[in-house]
C-alpha cells in the first residue's frame, strides 16, 4: 500500500465530525417516519412509543448509526442487511386474498408491552398465535415480521445530514414548501450553476432555504452568497437548521430584499446617532446595533451593485423574468444562470422571453427524471411509486451585450 | 389435451391471412431501414444493393418471414437468435480508442461482390485480413460481423402489418406527420375511447390516418366511423394503405368536412338532374355519379346529426375545444372523448376549459411514457436512446347536461 | 358483453360515478337502494334513464352520474383484490399482441379480470379468450363476474396450474399473455397452443428484473424471435388555472411602503413619548423597541430583533426549529394556499389567469416489465412454387 | 483549476461557443488562429477580453462567444473518446456521495475525465481525488489534460488495474466511485480505502442490469448498508412560440367560400360554353369536368374524382402510395413547416402567440444504473460513557 501520495493536510468540514450539543438532528424511527429533534444538553429525548433516551448519550457519536434504546441508554446496533423483505407489492399467487388475522387482541399486546417484553418477543408470540402463518410464503412471513418489528422495536437511526438527505427529508415532508426541488434537481442546479469553493453567487430562494443550504455547503466557508428575499426582516431558511453548519460556513451569506436590492431606493434606517445626549447603556447598545445593521446593509448593497458575480440561482414564487432583468446586470460575463420551477409553463415562457435578448446565451429547458429501484435479491425492480416531478430547470449563460 | 372447449367458428380477419397481389408491404432491409413497396403481379422488386426478386414469389406467403434472395427467387430463412450482439454502446475498457482499420480496400470489396461471392464469404475474407481482429473482445467481433453482414447480405423481412408495426413505422419515419402518436399512445387512445366491434364513433384525424387505421381495425367491419376533415375532397389517410384492409373493414368509414358537418350549412352540390335533355352517355354517367355522391353526403350528414355516437377521438391541428363544442352534441351519454396532442399546453388548456362545463365528466390529462430494453444475454438495459414524447391525452366522458 | 341500449334496464351493470375517487359498479336491482354520502338513490329510479345521466338524490342534496361500463371504468371501480394490471399496460400489451376482432387469445392467470374484460371487448363475439387461473377462489369469483357481464360466449375460464398442466388448446391461438410468478415454466406450453400458420405473439408480465432474465432465456430456447422488453406508464398531470406570477417590482413597492409606514409610526411614537416625557422615564426606549408593526409580508411571523445578522445565528437556535410544523417564511396564511399554488402576494397581482400543470406528486413508477416475442410461421420445408400454393380466397 | 480572472490571458483554457452544437475548448496561444465557419479569429485578439464576450471574426461576418470553462462545458466540448458520464449522472452521484469542499474521493476509472473535473471543482484545493485508470493511453491523455487545467494539486492520477491491485490509500477517503466493467471485483478494495470513523459512501456505475445484480451481492457481502439503486435523466424540452391553434369555424368558413367560388366558376363555365355552343359540341361536359379550382386547403393535392366514396377504394391503389415521400394530406407546402409546428392554416389565424413545448423527439433513454451504498462507522466495541468520549473541539 503506497501511502505517500496525496495531501497530508486535514480536510476542513462544513459541520463537526461528530454529533454536538445544539445540533438539530433527523431521527429515523422504525416506522420509517423521520422526527426532527434538537439536542439540548442534559435533556431527555422522547420518541413516543419508540421510547425515550438521555440526549447526552449521542454527543460525540458519529452520524448515521442506529441505536436501540435500553433503559434510556443507547446501544449502537449492527446495520440491517438485504435479507429483509421490503417490497409490499410482490405478486403472490398462492396467498388467499384477504387480510392477516390479528392473532392477539390489542389488549393482550398492551399487556405484553407493559410487562417489558422485548419487541422481538412480542412478534414471536404473535406468530405463534397466528394460525395461518405457516401457510404464508417466505416473502409474506418476512413482510409480516417487518411490519410488527416496526411497530414494537425501540430504536432509531441518526440520519447523516448530507445535503441529499436533508433535501430528501424536506421533499418527502412537503414538496410544495421545497417548490419541488427534489435531491436530484438540487444536485443538478448546483452543478449547472457551477458552484465552487471561493465563488461569488446570487440566489433567490423561496424554497425554504434548500438552495441556500446546497450553495453554502458547496462554498464551504469561502466565497460569497447574497440572497434577495421578499420580506423586510432577514429571511428564514428553515432547511439550513438541519445542515448544522459551522459559523465559518454561514458567515459568507448576506441577504437583501426586493426593496433594498433596488439601486434607486434609499432604505429608511432609524437614526443610529442619538437625537440628544445618550440616556442609558441600553439605548447606547441599541444605537450601536442599529449602526451595525445599517452598515452591513449598506455594505451588502454596495457589494451587490458592484456586480461581477459568478452565478445566479432562482427558485422563486415570483416572475422569473423580472428577477433576471433585475439581477443579471450584477453578473460577470460567462456567469451561469439557473432557474428552477415546479411548472414547465414558467420555464418555457421564460426561455421564450430570453430567446432574443443578446445577454443570455444558450437558454435550455430540461426536466428532471429520477427513478429508484428496490434491489432485494431476486426481486429487483423500480419502486412501484415514484416522485412525479422534480421540477424543470432553465439554464443560460450571461454574456456581454456588445451594444 | 382437452379440445372440446371454445368456439368452432373460423375467426374473421381484417386482412387476408397471406400476402396478396395489390398489398402494400413494409420490407425490412438488413440495414434496418424499412422500404414500402406495392406488390404488383408479375413485377420485379428492386431493393437496390440488397438485390431484386420476382414479386410473385411472395404471393400466398405468410407475413413476418425473412427471405434470402437467390437468383431473384426467395428462400425463407430461419429467424435470428439472441446470440447476436446489437448493443453499439457497450463499455469495453480493453479496446483501444479508435476505429477499426478496414483491411480490404473498397475496390477489392467491389471485385469480390462482382465475383458473386456470398455476403458471409466477403465478411470472412475481411476478417482474415484484419490484423487486429483477434485482439478484439467477443462483443467487438460480433459487432464487426453484424455491421458487415448488414452491408452485404441480400435479404429482407416482410413486416407483419399490425397496427402496432404500421404505427411504429410511420412514427420512426416522421413523427410530426403522426402528430407524435407513438404506438403506445395509439393503443391508449383506442382503449380509452372504448373502441369495440359494432360501436359507432366520430374521429378527427389530422395524423395521417393512423387513428382511423386503429379504429377501423378495432371495428373489424362492423359498426360505424365518421371522420371530419379540413379539405373539401375526401381526406387522404395514407397510413391506411399499409394495413391492407379488406373492403369489409373500410366500408364502415365515411367522411365529412367542417363545412358539410355544419348543420346550418346547405352544401352546394352541382345539379344531378340534367338542365336540359341528356346529351351523352358520359354526361349521364357523370350525373348519376353526382347523384350518388350527393346522396351519400346527405345520408352521412343525417347520420351525424342524428347523434348518439359512442365515442370521439381527436388528433387534430385545430383548437380542440372548438372541435369538442361542435361534435359533442352528437355523442350519446357516457360516450368517451379522447383528445391527443403533441403539446401539453394544448391538453391542459383544454382540460381547464372543460372543467366547469356540466356535459364533460372527469376530464384528466395523462402523458405517455415508454421505454424499450435491450435484452441480450448478460447485457440487459434500456436502449440508450428513447423516444422523448408520445404526446399527451385528455380523456373525458360526455354526460347529459340536465339544464 | 355489457348493455349497448341507450337506456338503463333492470339487471344492467352500471358504473356509478360519485367523485373521481369514488367510482363503483352497481347491478340494477329493483327494490334496492344505493347510499351515497349525500343521499339515497333507488335502483328503480334509474331504470329507463339514459346512460350518462346525472341523477339527484331523493333528498336533493347529492347527485351521481350513471355510466355505461367500460373495461377501464370497471378496473377503476374494482375493489383491490390482487395486483391488478394497469390500464397503460393493458392497452400496450393488447396493441403489441395485435388483439383485434376475431382474435383467439390465451391469458394466464385470470387475476382480477381486468385484462380479460379489455380483451373481450377487443376480440368481440367473433373471437375467443381462454383464461386460466390457479387460485380457486379467484376462479369462482371471476366465473360469476364474467357470467354476470355476459362474457360466457367469449371467455372460457379454466381452473388450472398451466405451468404444470399446460393449456387446453393446441395450434389455435394468435397470442398468449402470461401473468405468472414463473412465466418461463409456461413458455413451452404456450408454444404448443399457438397456431403455426402465421406470426403469433407472446407477452410475459413480470414485476422483477430477475424474472425477465429467465423469461428471455426460456423464450430464446423455445425458438421465439424478436424478443424485446418494454415498460410503459401513464403520468397523470394536474392542471391549475392561477393568476400570473407577480413581478418582483410589486413586492419591492410593498416593501418600500411598509418601511415608510414603519418609519412614520416610529417617529410618531417618539413624538408621543416626548410629549409625555415629563411623566415617565423609560418610555422612549420602549417606543423605540416596539418599532411599530411589521410589513404585511411578515405578518404572523415570530417577533425578531432587528439585528440584520441573526440569519447567521442558526447554531444558537434563534431561528425557528423546523419541527413537525415549521414556522418558516411560508408558515403564515400563505401556507395552506401554497399547497395549491404559490400565491402569497396574489392580492395585488393582475387578474390574468394562466394554466399551469405538473405531474402529480406521486405517480405509478412501475407496474411490470413487459417481455414480448414472436413465433414465426413454420417455413415450408421446400420453397413452394407460387402456382402450387394454397388457393387464396377472394373476398 | 481554471482561471478565475475577469479577463482572458495567454495560456488560459477557454470554451469557444460557435453554436449550441459546436462548442470547443481552446488554449489561448498567441500566434495561433481559430478558423470558424464564417471567419477567422486570432488568439492574440482574445487576450485581455473579459470572459463572456462576443467576438466578431476578422472579416466581420461571423462571431463567437468566449466562455469560462466549467466541467459541464468541458464535457460538452469533449471530443467523444469513450463512454462519457452524462451531466445528470455526475450531478446526482456527487450529491448522493456528499462530495463537498475538503472531501477525499476515489474514482476508477478515469475515463474521459468528466467526473474528475466535476469532483475537482466541488472538493476544491482542500480536498483530494485519487483517480485510477487501467488503460495506458487514456492515463497519458488525462495526465496531460489535468496538468493543463491546473488540477495537479487536487488530483492524483494512477495507472493501475484496481480490480487486481487495489487502491493506493487506506482508511482515507469519504467516497468511492467505480465506473468499471466488473465493479464487484473492486468492492473489497474500496472498503479498505474508505475511512472508518464516519459514514462513507460508494457508487457503482453500470450500464447493464446483470452488473447491478452482481454488484449488489458484492456490496451486501462486504457489509455495505442502505444499498439502493437509481436512474436519473435530464429530458430536454424544445420550446416554440407559435400562433394559437385555429378554431375549426375558420376552416369551415374557408371551405364554404371555396365551395361557393367553385360553384360560381362552374356556372360561369356552363354559361360560357352555352354561349359558344353553336361552334363546338363537347365543351359543356369539359367545363363540368374541370369543375374549377380546388379550395386553398387542397392546393397542391393530386387531381381527384369528386366521388365521395373513393376514400373507400384503397385496395384499388387509387390513394397515394406512401413511398419514401408520401403525398398525403400534409404533403403540400405545409409539410416542411409542420416539421416545426402544425400551422397549415395559420395565415388566417389570429396573431396571438402561445408558447408550446415538448420533449425532444429523441432523448437519452439510459446512461447507467447507479448503485449506491453506505459503509457505516465502526461501532465502538463497548458503548462508551459520554463523559469518557473523545473531546469535541469547540469552534
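Using R₀ = 60 Å, calculate the FRET efficiency as 1/(1 + (r/R₀)^6) where r is the Cβ-Cβ separation of residue A:298 and residue A:42; round to 0.05.
Numbers: r = 43 Å, r/R0 = 0.71.
That gives a FRET efficiency of 0.90.
One Cα centroid belongs to the range A:331-403, the other to the range D:166-214; the line between them spans 30 Å. For the pair residue B:17 and residue D:221, label points projected 7 Å from Cα toward Cβ lie 5.5 nm apart.
Distances between copies at residue A:329, taken between label points 7 Å from Cα along the C-beta direction, are 5.8 nm in increasing order.
Given an 8 Å cut-off on Cα distances and at least 6 residues of separation, report the relative contact order of the range D:180-257 as a percent.
The normalised contact order for the range D:180-257 reaches 30 percent.
Each residue, residue B:251 and residue C:362, gets one label point 7 Å from its Cα in the Cβ direction; the gap between the two is 5.5 nm. Packing here is the average count of other Cβ atoms within 10 Å per residue, and on that basis the peptides C:115-123, B:194-202, highest first, run C:115-123, B:194-202.
For B:293-300, what's the mean count of beta carbons from other chains sitting within 10 Å of each residue's beta carbon?
Numbers: counts 6, 1, 1, 3, 1, 0, 0, 1.
The shielding value for this peptide is 2.
Taking the average, over residues, of other Cβ atoms within 10 Å as the packing measure, peptides A:267-273, B:338-344 rank B:338-344, A:267-273 from highest down. Taking every C-alpha pair closer than 8 Å and separated by at least 6 residues, the mean separation divided by the residue count of the range D:13-69 gives a relative contact order of 36 percent.
Average partner chain C-beta neighbours within 10 Å, per residue of B:324-333? All intermediate terms of the calculation are to be shown ahead of the outcome.
Values: counts 1, 3, 4, 1, 0, 0, 0, 1, 5, 12.
Across B:324-333, the average partner-chain Cβ count within 10 Å equals 3.
Please say if the range C:13-69 is rounded, prolate or oblate, where rounded means a/c under 1.5 for a ≥ b ≥ c the square roots of the C-alpha gyration tensor eigenvalues, and otherwise the choice is prolate for a/b larger than b/c and oblate otherwise? Verdict is rounded for the range C:13-69. Distances between equivalent label points of residue C:147 across the copies, with each point positioned 7 Å along Cα→Cβ, amount to 8.6 nm, shortest listed first.
Spacing of the modelled spin labels on residue C:59 and residue C:264, each 7 Å from Cα toward Cβ, amounts to 5.4 nm.
Arrange the peptides C:91-102, A:353-364, A:165-176 so that the one whose residues have, on average, the most other Cβ atoms within 10 Å appears first. Could you put the intermediate results ahead of the total?
Working: C:91-102: 25.2, A:353-364: 16.9, A:165-176: 20.2.
Per-residue Cβ counts within 10 Å, averaged per peptide and sorted highest first, yield C:91-102, A:165-176, A:353-364.
Per-residue shielding of B:357-363, expressed as the average number of other chain Cβ atoms within 10 Å of the residue Cβ, stands at 3.
Applying 1/(1 + (r/R0)^6) with r as the Cβ-Cβ distance of residue C:253 and residue C:354 and R0 = 22 angstrom yields a FRET efficiency of 0.50.
Restricting the calculation to alpha carbons of the range B:163-398 gives Rg and Dmax of 20.2, 82 angstrom. Measuring from each Cβ of chain D to the axis that turns chain D onto chain C, the shortest distance belongs to D:209, 3 (residue, then whole Å).
Ascending distances from the residue D:261 label point to its copies in the other chains, with the point 7 Å along the Cα-to-beta-carbon line: 6.3 nm. Compared with the direct C-alpha span, the chain from residue D:42 to residue D:197 gains 50.4 nm at full extension, assuming 0.36 nm per residue.
Ranking D:374, D:148 by Cβ neighbours within 10 Å, fewest first, what do you get?
Values: D:374 21, D:148 14.
Neighbour counts put them in this order, fewest first: D:148, D:374.
Along the Cα-to-C-beta direction of residue A:355, a point sits 7 Å from the Cα; which residues of the range D:18-38 have their amide N less than 17 Å from that point? Residues D:20 fall inside that zone. For the range A:217-349, the relative contact order works out to 19 percent when only alpha carbon pairs closer than 8 Å and six or more residues apart are counted.
Each reported figure results from applying straightforward, stated rules to the coordinates on display, with no laboratory input. This structure is a prediction, so every number in the text was calculated from the model and none was measured. We place every Cβ from the backbone using ideal geometry, glycine too, and count neighbours over all the protein chains shown.
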